[in-house]
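Each value in this text was obtained by applying a stated rule to the coordinates, not by laboratory testing. For clarity, every value in this text was computed on a predicted model and none was experimentally measured. Methodologically, a virtual Cβ is constructed for each residue, glycine included, from the backbone with ideal geometry; neighbour enumeration extends over all protein chains shown.
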Amino acid sequence: MQKRQAGSISVVTSYDYTLAALCDGAGVDILLVGDSAGMVMLGYDSTIPVSMNEMCMFTGAVSRARRRAVVVSDLPFMSYQASREDAVRNSGRLVKAGADAVKLEGGVKMAPHVKSIVDAGIPVMGHIGLQPQTAVLRDGYRVQGRTAASAERLINDAKSLEDAGAFAIVLEMVACEAAEEITHSVGIPTIGIGSGNSCPGQVLVIQDMLGMYNKKELKFVKRYANLADHITEAVHGYQTDIITKKFPAEENAFRMDDGEYEMLKKGRRNGSGGDLG
């Protein structure tokens, strides 16, 4: 993937066939099967409980929906950190499930794992800045790169991932100035999420941008719709129609042929029950 003008790479998270097909049809460049599915789709409190089996299931659904977009799938927590062998093996599982590439969190320390995966023939997208898989174990969900020292560490992380063979890097909740310096320091695209508009690409969780997931209010999310209200209103209308017998209406029902119905009624009147010959 070549570096393009700022804002030209569109990335949307997808976890299911229906929304992935819609996003693919809308022309997004990358469908990211994020481990955020654990919270959005499965109701976990964080990404940590997400398993490889679950990621393979979501990846398969998304890959069957896409026609043109690149499918990138997250390696879940502890599926790659312990060893390079784990990293390669589990990356292979995601590719077999339908992914074109995998994404993992971490910079300098994870660069050897990235190289091993790339050497195995599997493209890798890096992820630095806020790392949700370990944020709860460190200093929580905080903006990264606000000091010169932390920004330099992120730049080193990005360079190490590029040297290891990553084709792109997600920058999550990185201060805008630091994100711009990182972007200028590497020759591969950066994909921003809460990191300003200097990154060549941007990513959002589809349920966030459509107003379907209301557990957290995130500053960096722009809502392009508020489907939660529409869905709730639609379901309420359905429930009301059932109570008032407006649904199902005649146009929603199926009818017997008149002759067959008359035969049924005649048989019932004559006491033949269900034995109509």
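Just the residues that are touching a residue at least 12 places away in the same chain (Cβ under 8 Å) and either surrounded by fewer than 22 Cβ atoms within 10 Å (Cβ to Cβ) or of a type in the set (Phe, Trp, Tyr) (or both), please, taken from segment 134-155.
Residues satisfying the conditions are Thr134, Val136, Tyr141, Arg142, Val143, Arg146, Ser150, Ala151, Arg153, Ile155.
Which one is farthest from Arg64 (Cα to Cα), of the residues in segment 114-129 that are buried (at least 24 other Cβ atoms within 10 Å of the Cβ) and without any contact (Cβ under 8 Å) to a residue 60 or more places away in the chain?
Ranking the candidates gives Ile128 first.
Please tell me if Ile122 is within 30 Å of Val62 (Cα to Cα) and assigned to a loop (DSSP other than H, G, I, E, B).
yes
Going by what's in this entry, would Thr13 be described as of a type in the set (Ser, Thr, Tyr) and farther than 21 Å from Ile188 by Cβ?
No; evaluated as a whole, the condition is false for this residue.
Tell me whether segment 74-82 contains one or more residues that are of a type outside the set (Asp, Glu), at negative phi and within 14 Å of the chain's Cα centre (by Cα).
Yes, the conditions are met somewhere in segment 74-82.
Find all pairs meeting these conditions: Cβ atoms under 6 angstrom apart; at least six residues apart or on different chains; first residue within segment 172-187 and acidic (Asp, Glu); second residue buried (at least 19 other Cβ atoms within 10 Å of the Cβ).
These pairs meet every condition: Glu172/Gly129; Glu172/Leu130; Glu172/Ile193; Glu180/Ser198.
Please enumerate the residues belonging to segment 63-91 that are under 21 Å from Val205 (Cα atoms) and either aromatic (Phe, Trp, Tyr) or in contact with a Cys (Cβ under 9 Å, 6 or more places away or on another chain) (or both).
Of everything in segment 63-91, those that are under 21 Å from Val205 (Cα atoms) and either aromatic (Phe, Trp, Tyr) or in contact with a Cys (Cβ under 9 Å, 6 or more places away or on another chain) (or both) turn out to be Ala65, Arg66, Ala69, Ser73, Phe77.
Those residues that are among the aromatic types (Phe, Trp, Tyr) and surrounded by 10 or more Cβ atoms within 10 Å (Cβ to Cβ), I need them from segment 249-268; list them, please.
Tyr261 - this is the single residue of segment 249-268 that is among the aromatic types (Phe, Trp, Tyr) and surrounded by 10 or more Cβ atoms within 10 Å (Cβ to Cβ).
From the set of residues in segment 84-113 that are in contact with a His (Cβ under 8 Å, 6 or more places away or on another chain) and among the small types (Gly, Ala, Ser), which is surrounded by the fewest Cβ atoms within 10 Å (Cβ to Cβ)?
Restricting attention to segment 84-113, the residues satisfying the condition of being in contact with a His (Cβ under 8 Å, 6 or more places away or on another chain) are 84, 87, 103-106.
Now drop any that are not among the small types (Gly, Ala, Ser), which leaves 87, 106.
Details: Ala87: 26, Gly106: 20.
The selected residue is Gly106.
Is segment 259-270 home to any residue that is in a helix (DSSP H, G or I), free of Cβ contacts under 8 Å to residues at least 60 places away in the same chain and within 28 Å of Ala26 (Cβ to Cβ)?
No; the residues of segment 259-270 include none that is in a helix (DSSP H, G or I), free of Cβ contacts under 8 Å to residues at least 60 places away in the same chain and within 28 Å of Ala26 (Cβ to Cβ).
Could you say whether any residue in segment 186-202 is farther than 21 Å from Val11 by Cβ and not hydrophobic (A, V, I, L, M, F, W, C)?
No, segment 186-202 has no match at all.
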